[in-house]
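Chemist: One structure, as structure tokens, below. Some questions next.
The values are calculated or read from the model by the stated rules, or taken from the named source; none is laboratory data. It should be emphasised that the depicted structure is a prediction, and the values quoted were computed from it without experimental measurement. Glycine gets a Cβ as well: all are built from the backbone with ideal geometry, and neighbour counts include every protein chain shown.
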Amino acid sequence: MTAITIRNVPEHIRDELAARAARSGQSLQAYLLAELAALATTHHPDDWWAQVRERAQTYHGSASSDDIVEVLREVRGE
């Protein structure tokens, strides 16, 4: 596994994250790892837009509503 270091975290942010970890019954490290995992597995809107643009170019800028729905379903994993 790789270590990640984040420097210059304001104390109030660290305190809030530690409080959330405590409320969830986790160490701060376990809590942050879970949050990072969720962040990494969630599709970012920019990724979705990139797929839409790519598909639009494939259809020469004239993607149908069915094409758009298909991309949405793929992005959502449906």
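Chemist: Name the residues in region 1-50 that are polar (S, T, N, Q) and within 30 Å of E70 (Cα to Cα), would you?
Modeler: Pass one, region 1-50, residues polar (S, T, N, Q): 2, 5, 8, 24, 26-27, 29, 41-42.
Across region 1-50, the qualifying residues are T41, T42.
Chemist: Now, a different point. One residue is enough: does region 39-55 have a residue meeting the conditions surrounded by fewer than 10 Cβ atoms within 10 Å (Cβ to Cβ) and among the aliphatic types (A, V, I, L, M)?
Modeler: Yes - at least one qualifying residue is present in region 39-55.
Chemist: Give just the number: which of (1) part of a helix (DSSP H, G or I); (2) at pLDDT 95 or above does Q26 not satisfy?
Modeler: (1)
Chemist: Test D67 against the stated conditions and say whether it is in a helix (DSSP H, G or I) and exposed (fewer than 10 other Cβ atoms within 10 Å of the Cβ). Outline the logic, then answer.
Modeler: On the way: in a helix (DSSP H, G or I): yes; exposed (fewer than 10 other Cβ atoms within 10 Å of the Cβ): no.
Spelling it out, it is not the case that D67 is in a helix (DSSP H, G or I) and exposed (fewer than 10 other Cβ atoms within 10 Å of the Cβ).
Residue by residue, here is whether (1) over 10 Å from the mean Cα position of the chain (by Cα); (2) modelled with pLDDT of 80 or more holds:
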residue: A38; (1), (2): no, yes
residue: W48; (1), (2): yes, yes
residue: E54; (1), (2): yes, yes
residue: T58; (1), (2): yes, no
residue: S64; (1), (2): yes, no
residue: V69; (1), (2): yes, yes
